[in-house]
1. Restricting to segment 1-41, count the residues that are in contact (Cβ under 8 Å) with a residue 12 or more places away in the chain, open to solvent by 50 Å² or more (accessible area, probe 1.4 Å) and not in a helix (DSSP H, G or I).
2. Go through the residues of segment 59-80 one by one and say whether even a single one is at pLDDT below 95 and in a helix (DSSP H, G or I).
3. Just name the residue that is nearest to V49 (Cα to Cα) out of those in segment 28-38 that are of a type in the set (G, A, S) and within 34 Å of the chain's Cα centre (by Cα).
Amino acid sequence: MPRPTAAQLAYGSATVVCSTMVMLVLSQTRSVAGIASIALAGLALGLFVAVTVSGPRAVRTAAAPGTGERTSVPRRTVSVPAAREHTARPRAGAGASSPSGRR
């Protein structure tokens, strides 16, 4: 099983905390059994949300027209232009004068 992503952990944790608090406030339960069942329900809901949050997208598969077989569809790639070469400019040495003629 792959490791959960940061988004899955964040969404799952937020769901557990928020849903548990909302259920506790709305139910107004005071018994230990009621609080425990609400906590378990919040944990289950958070786990469900964390699992259903999509992780990194995999290569999609689509049915080829007329064949019924599934073929892989490559993901679109974005080309990044090559870094521009830095043009070297001569630098002024320690004894060189400034462009205004002053030292």
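The values are calculated or read from the model by the stated rules, or taken from the named source; none is laboratory data. Being a predicted model, the structure only gives us computed values, none of them experimental. Note: ideal-geometry Cβ built from the backbone for every residue, glycine included; neighbour counts use all protein chains shown. Note: areas computed on protein heavy atoms with side chains; ligands, DNA, RNA excluded. Shrake-Rupley method; radii C 1.70, N 1.55, O 1.52, S 1.80 Å.
1. Residues meeting the conditions: 2.
2. Step one: list which residues in segment 59-80 are at pLDDT below 95, which gives 59-80.
Now restrict to residues that are in a helix (DSSP H, G or I): none.
The answer is no, given that none of the residues of segment 59-80 is at pLDDT below 95 and in a helix (DSSP H, G or I).
3. Within segment 28-38, the match that is nearest to V49 (Cα to Cα) is S37.
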